[in-house]
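The values are calculated or read from the model by the stated rules, or taken from the named source; none is laboratory data. Keep in mind that what you see is a predicted model, and the values were worked out from it rather than measured. Using ideal geometry, Cβ is built from the backbone for each residue, glycine included, and neighbour counts are taken over all protein chains shown.
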Amino acid sequence: MKGLEFLLSPPVAFFFFLAVAYLLYALGGEMAPKLNRTGGKLTTYACGENIPGYQVQFGFRLFYTFALFFTIMHVATLVIATIPMGKIVYAAIIYLAMIFLSIMALISRS
């Protein structure tokens, strides 16, 4: 690399902008007002009401359904986009019908 082209290489640019981001973060921390740790400042605001906290149990069933849908659609798109012209296109139509049936099974199952 010649001269200043070294500064445009991705690792150097990454660390440069990482340093700039840290300096902005530190500057913002210095400019921000200091927190007075009083009782009301550290609680959740809920219109003046005292709302008790409770534990939430997250489920991943809906996520997996969308992830499977996403995967099926992208694989179908990739396969259809790479099919050559000719009589094999009829096989692609049958493939799309099977994809449609699998999506319908996925949707109606839940």
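Tabulated results
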read-out	value
Qualifying residue in region 31-52 (condition: modelled with pLDDT of 85 or more and either of a type in the set (G, A, S) or part of a helix (DSSP H, G or I) (or both))	yes
Residues of region 53-68 classified as part of a loop (DSSP other than H, G, I, E, B) and either touching a Lys or Arg at 6+ places or on another chain (Cβ under 7 Å) or at pLDDT 75 or above (or both), total	7
